[in-house]
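Input: a single structure, listed below in structure tokens.
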């Protein structure tokens, strides 16, 4: 069964870093440029993310993610470069189209923000196993019920995909068309989705009974097989990120003065 | 009215949430396999809202986007966690008010959910993507509105209305059909006014 998580199983120091430290990095990478407000801060965090990704040996897995976001970034550049309200100065012509400086600058800011968020999340997503994340969250006092909810999503989805393929084959063998004009494709949606949805909802009943029998509603405190605490290097990493956020606040105040 | 936000937080509800998140994922997958120009990624959130009430609907919506954002690297989805939460709560409230019993009520619910989504998404679109939504038809309207000199916020609003309202309409019609077909054995798990009767 194919997992939906992008986690890459590699034993690097990025993988060993505590999930909370990586989450703190996302917080720093997203908030510092917004607080600081200067374009070079985006560049700084892009560089840090790239260094982290290279050190984690997962840089190759990031390219498909970037390629996916490129279509959105290109649309933003086209729309704002051509039609932004504050457009005044023509920067260059491309055939009959005139690109304006103000719109392109605005688009550059949004594009950098998207790329920055994407890379910061990639460092977290590619190096953290969902089960470990849930475990660590529960140890930090997160409700185990919600923990179950998150980890069961990862079990349910591959199961549902299996059901979906079965149903797609079944309906096709009955002569349903899934290719062709928009109307044909739209008509195919309902006979495909409704059996999967009903069957998975009906399955929830059995799952609920199974859980209740195993003491899901029990109020007793749960214990853990493996204790995972914040180590010294996790704390240093988090301190460094806190310094970067503080630095961006100082920069903002200095540019105001 | 008193029961509008009443929620049972038992095992049945906690099993419903992952199932709904899975359904959201499938809806999105089918829409992309069949190359439909819609998202259809809130079918599960709506089912969660109808069966479990507004709170469960909201949790379904928010958890859906948070989980995908943190595990599949889709940080774009993460931004819209608030929108999904709004859709779940809106559909849950409408269902508790008894609107999902009839087809006309389902259409009304769809309009409410669609408008909720628009109101929450428009500011997010403006902050994060400068007004575009990533849907070709909606973005074409946005480009047109910008070219004809309308304010960015209005253009983005039109962009969202054009994409979200039809999307939610189709979503809720599908949900209505599915909910009507569910066995009583299952729906009775989520009914509020059940009481445990004892024989002695």
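Bear in mind these aren't lab numbers, they're just calculated from the coordinates by the rules spelled out. Treat the numbers as computed from the prediction; the structure is a model and nothing was measured. With ideal geometry, Cβ positions are generated from the backbone for all residues, glycine too; neighbour counts draw on all protein chains shown.
Summary table
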quantity: Ranked list, fewest to most other Cβ atoms within 10 Å of each Cβ, for B:159, A:132, B:139, A:9; calculated: A:9, A:132, B:139, B:159
quantity: Where labels lie 7 Å past Cα in the beta-carbon direction, separation of residue B:108 and residue A:209 in nm; calculated: 3.7 nm
quantity: Between segment A:123-181 and segment B:68-110, the Cα center-to-center distance that results, in Å; calculated: 19 Å
quantity: Alpha-carbon gyration tensor eigenvalues x 5, square-rooted, for segment A:160-232, Å; calculated: 42, 18, 10
quantity: Peptide-level mean, for A:71-79, of C-beta atoms on other protein chains within 10 Å; calculated: 4
quantity: Using alpha-carbon coordinates, inclination of helix B:136-147 to the longest axis of chain B, degrees; calculated: 40 degrees
quantity: Residues residue A:242 and residue A:159, FRET efficiency given R0 of 41 Å [Cβ-Cβ distance, rounded to 0.05]; calculated: 0.50
quantity: Angstrom value of the Kirkwood radius, inverse mean 1/r, which spans all Cα pairs in segment A:96-253; calculated: 21.6 Å
quantity: For B:118, B:141, B:91, order by how many other beta-carbon atoms lie within 10 Å, fewest first; calculated: B:141, B:118, B:91
quantity: Quotient of Cα Rg and 2.2 N^0.38 Å for the protein assembly as shown, N being how many residues it contains; calculated: 1.05
quantity: Label-point separation in nm, residue A:231 to residue B:97, each point 7 Å along Cα→Cβ; calculated: 5.5 nm
